[in-house]
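The values are calculated or read from the model by the stated rules, or taken from the named source; none is laboratory data. All values reported here derive from a predicted model rather than from experimental measurement. Quick reminder, even Gly has a Cβ in these numbers, built from the backbone with ideal geometry, and neighbours come from all protein chains shown.
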């Protein structure tokens, strides 16, 4: 898609006279490239506002639409307002420049061209003469923690494809200096192409190019929080929400697979099958599998009969016959009324039929601590998954199952999945596997001693409390 508009945002401007001088001296700026110039002033500008507010900026760039803002919402807050104001320009480029006049404007074309040519979605300006300071130290630490290799995390010269900004959740980012770091992390996690361009600084600028310790610290905290989001902690609108098959041998999926392996060939109904990986495992074991999900379901297998259906609206009308096993793997917590679904499954079970349910344990120590500290909130994944509508403990689910007409024939547990700590982790010269393995072994011991506190998930094997009346009449 051809680029239709290039917008330049000068952020954190505090000195109108320096700004005028910078634009006047930037004779090589391609006026035909820039469609709009947006200037956001710092609060200090209001206190030192020049008498002549009709500055030379408009006259020098007479062909460019100039917009001034004195929002005073902070470094990130001002950018949020601008990002939202240009959101409808999908085929546009937004160039963000630190308004402290330490950068030359002559490289606007150079930094925007990789996006215009379709070679990148984001471009970072990197100073050709890059002195050693806190910026370089912070860049090294952020690269180490995040696993990326950016040359300058704190570049004051950036260009964004506007449509890429519309794909991330910048609204929840900080209003302060760490806004740039969070936006960069989100764009990287979302898979956008990030390039760098060497740029010159403004030699005549007397604005210090340093970065304060507080800003460095906040940037570090932002990187750590983003890493926790990738692991599943804290809600996220950027991380892929796709359901993942749990390959660990001690996971709920592995335990369900073990049950299916020890059964004769059976009719299996997989409710909430997601992309169908568990259904495909059951089919590979020789079972006749029917799967149901609100999404598209299994993509490749032809052995599985699939119904695209919302389980909040009863079972599919075309679902026929009875089933020996009904799999409810990590699905009941996503429904508003899981007890009604369980009740309606009763007549769908064969004489010796059963329901296998895996649910997260809200009594686990992690949500208990969060609640105790008054920090209850949703996470991207896990027990407090942001898509969960219901929360269960061992007792509350057993009670609900009994009311729905079932008895608990067998109950097993899974431990905390410490392996998520390595999810999308940067490659190192050392391995964390020994530490993860040791933590998992200790956790499994605690699960046996106190399952209600340490079990991450419960796996219930449910059977009807009594034979159905219709079955007795048939006999």
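Note on segment 258-286: residues that are out of contact with any strand residue (DSSP E or B) (no Cβ under 8 Å at 6 or more places or on another chain) and either modelled with pLDDT of 95 or more or within 18 Å of residue 462 (Cβ to Cβ) (or both) amount to 2. Selection of strands (runs of 3 or more DSSP E) fully inside segment 1-97 by the criterion of at least 2 residues being modelled with pLDDT of 75 or more returns 5-13, 36-41. Of the strands (runs of 3 or more DSSP E) lying entirely inside segment 287-393, those containing at least 3 residues that are out of contact with any strand residue (DSSP E or B) (no Cβ under 6 Å at 6 or more places or on another chain) span 349-360.
Taking residues in segment 457-469 that are surrounded by 18 or more Cβ atoms within 10 Å (Cβ to Cβ), and partners anywhere that are at pLDDT 75 or above and assigned to a loop (DSSP other than H, G, I, E, B), the pairs with Cβ atoms closer than 7 Å and at least 6 places apart or on different chains are 464/405. Within segment 129-152, identify whether any single residue is part of a strand (DSSP E or B) and in contact with a helix residue (DSSP H, G or I) (Cβ under 6 Å, 6 or more places away or on another chain), and answer yes or no. Checked segment 129-152: no residue is part of a strand (DSSP E or B) and in contact with a helix residue (DSSP H, G or I) (Cβ under 6 Å, 6 or more places away or on another chain).
Residues in segment 178-207 that are part of a loop (DSSP other than H, G, I, E, B) and at pLDDT below 85: 190, 200, 202, 203, 204, 205, 206, 207.
Among the residues of segment 256-281, the ones that are within 25 Å of the chain's Cα centre (by Cα) and assigned to a helix (DSSP H, G or I) come to 2 in all.
Residues being under 30 Å from residue 153 (Cβ atoms) and either at pLDDT below 80 or surrounded by fewer than 15 Cβ atoms within 10 Å (Cβ to Cβ) (or both) are entirely absent from segment 306-325. Of everything listed in (1) assigned to a helix (DSSP H, G or I); (2) touching a residue at least 40 places away in the same chain (Cβ under 8 Å); (3) crowded, with 16+ Cβ neighbours inside 10 Å, the single unmet condition for residue 402 is (3). Considering every residue within segment 357-369, establish whether at least one is assigned by TED's automatic domain parsing to the domain that holds residue 460, farther than 26 Å from residue 255 by Cα and loosely packed, with under 13 Cβ neighbours inside 10 Å. The answer is yes; a qualifying residue exists.
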